[in-house]
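The values are calculated or read from the model by the stated rules, or taken from the named source; none is laboratory data. In this text the structure is predicted, and so the values were computed from the model without any measurement. Backbone-built Cβ (ideal geometry, glycine too); neighbour counts: all protein chains shown. SASA here: full protein model, heavy atoms, side chains in, ligands and nucleic acids out. Shrake-Rupley method; radii C 1.70, N 1.55, O 1.52, S 1.80 Å.
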Amino acid sequence: SDKFILIVKKLSDDVAEKSKKRVVNDFDKLYQKYLHEYKIIFMDSYDELNNADDYIGFLDACLSKMPLNTVHQVERPEVERYLTQCYILSQLEDIKQQHDINDERVLTYCQPILDIKTGKYTSAEALMRLQLDSSIYFPDQFIPLAENHGCIHVLSEIILNKVCKQIGYLMEEGYKFERISVNFSFTELRNKHFSNDITRIIDRLNIPYEKVAIELTETRT
């Protein structure tokens with residue numbers, strides 16, 4: 001559409017810096033004349049980005065975060081973060097496709113909650129992590145991706161299933177507790193099967209409803 005990529009051979013750092021300054025100055029002059037908004041990104045080529053689609057995807061991700069009429073110089077850590085996001089997304093899409101509610105890539109931890117009136121831990125909150133190969137990823141690294149690409153609901157089903165299994169185990173062992181809360185994305189309310197999917201998992205494992213607390217979290221995006 002109105003996006004262009006100009007590829008040039010970098011003769012030297014000094015020449016590149018002078019060329020970048022000229023480009024920015026020219027765009028600024030044209031903006032003053034025509035008031036046509038712009039965003040400019042400068043970057044070197046990277047071996048990790050293998051083809052045109054890789055570059056287009058990366059540049060689109062950069063552009064989405066930039067204010068109008070600004071200039072950005074890409075550094076290697078940004079490329080590494082982007083590639084990590086691409087890898088996480090590929091795994092999320094595979095988790096969605098497999099739809100295995102026991103998927104071992106989704107880890108569940110329970111954070112105990114202290115009742116300040118009694119001084120006892122009577123409830124807990126379930127926390128989700130992703131384990132991909134040997135690396136652990138935290139929610140801020142994968143929840144926005146899951147929400148934006150339609151993968152969040154299957155993650156919620158998986159964590160709910162694992163929490164319900166743990167609740168069943170605790171009850172069998174005679175532990176006294178009020179409930180364990182599970183976080184669900186506010187975006188899931190758009191899913192017409194949301195309620196049925198939740199109750200089906202709880203009912204299948206024969207867990208009392210009062211032992212599970214459903215909390216809705218609003219997306220940050």
Response to the item:
Length-normalised contact order of the chain, Cα under 8 Å, at least 6 apart, in percent, tallies to 15 percent
Worksheet item: If you find the alpha carbon centre of region 84-102 and of region 128-193, how far apart are they in angstrom?
Response: 14 Å
Fill in: Vicinal HN-Hα couplings computed from phi for region 5-16 (Karplus, 6.51 cos²θ - 1.76 cosθ + 1.60; Hz; Gly/Pro x)
10, 10, 10, 10, 7, 7, 7, 6, 4, 5, 5, 4
Worksheet item: Calculated from DSSP H runs of 4 or more alone, at -39500 (n - 2.57) each and per residue, what is the 222 nm mean residue ellipticity of the chain, nearest 500?
Response: -15000 deg cm²/dmol
Worksheet entry | Out-of-range pairs (alpha-carbon distance over 23 Å; input Lys10/Lys39; Lys10/Lys65; Lys9/Lys39; Lys18/Lys65; Lys65/Lys96; Lys96/Lys192) | Lys10/Lys65; Lys18/Lys65; Lys65/Lys96
Worksheet item: Please identify the GluC sites (Glu not before Pro) of region 117-197 that satisfy two criteria: DSSP loop assignment and at most 16 other Cβ atoms within 10 Å. Which are they?
Response: Glu173, Glu178
Worksheet, complete the sentence: Under the 7 Å Cα-to-Cβ spin-label approximation, Ser195 and Asp2 lie apart by a distance in nanometres of 4.5 nm
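If packing is taken as the mean number of other Cβ atoms within 10 Å per residue, what is the order of 89-99, 30-40, highest first?
Working: 89-99: 15.2, 30-40: 11.5.
Final packing ranking: 89-99, 30-40.
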Fill in: Kirkwood estimate for region 31-105, i.e. one over the average of 1/r between Cα atoms, Å
14.8 Å
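Which loop chymotrypsin sites (Phe, Trp or Tyr not before Pro) in region 89-191, with loop taken from DSSP, have no more than 12 other Cβ atoms within 10 angstrom of their Cβ? Could the numbers behind the result be given before it?
Details: sites: Tyr109, Tyr121, Tyr137, Phe142, Tyr169, Tyr175, Phe177, Phe184, Phe186; in loops: Tyr175, Phe177.
Answer in residue order: Tyr175.
Given a 1.4 angstrom probe, what's the average accessible area per residue across the chain, in square angstrom? Walk me through the numbers before you get to the answer.
Values: 15010 Å² over 221 residues.
On a per-residue basis, the chain sits at 68 Å².
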Practice prompt. Could you state the angle between the C-alpha long axis of helix 139-148 and the longest principal axis of the C-alpha atoms of the chain, as a value from 0 to 90 degrees rounded to the nearest 10?
Written response: 80 degrees
Item to complete: Starting from the Cα of Cys86, move 7 Å in the Cα-to-Cβ direction to define the label point; list residues of region 33-62 whose amide nitrogen is under 20 Å from there.
Response: 41-62
Discussion item. Just to verify a number: FRET efficiency for Leu30 and Gln131, C-beta to C-beta distance, R0 = 45 Å, to 0.05?
Written reply: 0.35
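Using only Cα atoms, figure out Rg for the chain and give it as a multiple of 2.2 N^0.38 Å.
1.40
Using the Cα centre of region 73-221 as the reference point, and only Cβ charges (+1 on K/R, -1 on D/E), how large is the resulting charge dipole? Debye, rounded to the nearest 20.
Values: 17 positive and 23 negative charges, 77 e Å.
Here region 73-221 has a charge dipole of around 360 debye.
Pop out the carbon and sulfur fraction of the accessible area of region 30-151 as a percent, whole number, probe 1.4 Å.
Values: 3980 of 7800 Å².
Exposed carbon and sulfur together represent 51 percent of the surface.
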Discussion item. With a cut-off of 8 Å between alpha carbons and a minimum separation of six or more residues, what is the relative contact order of region 121-221 in percent?
Written reply: 35 percent
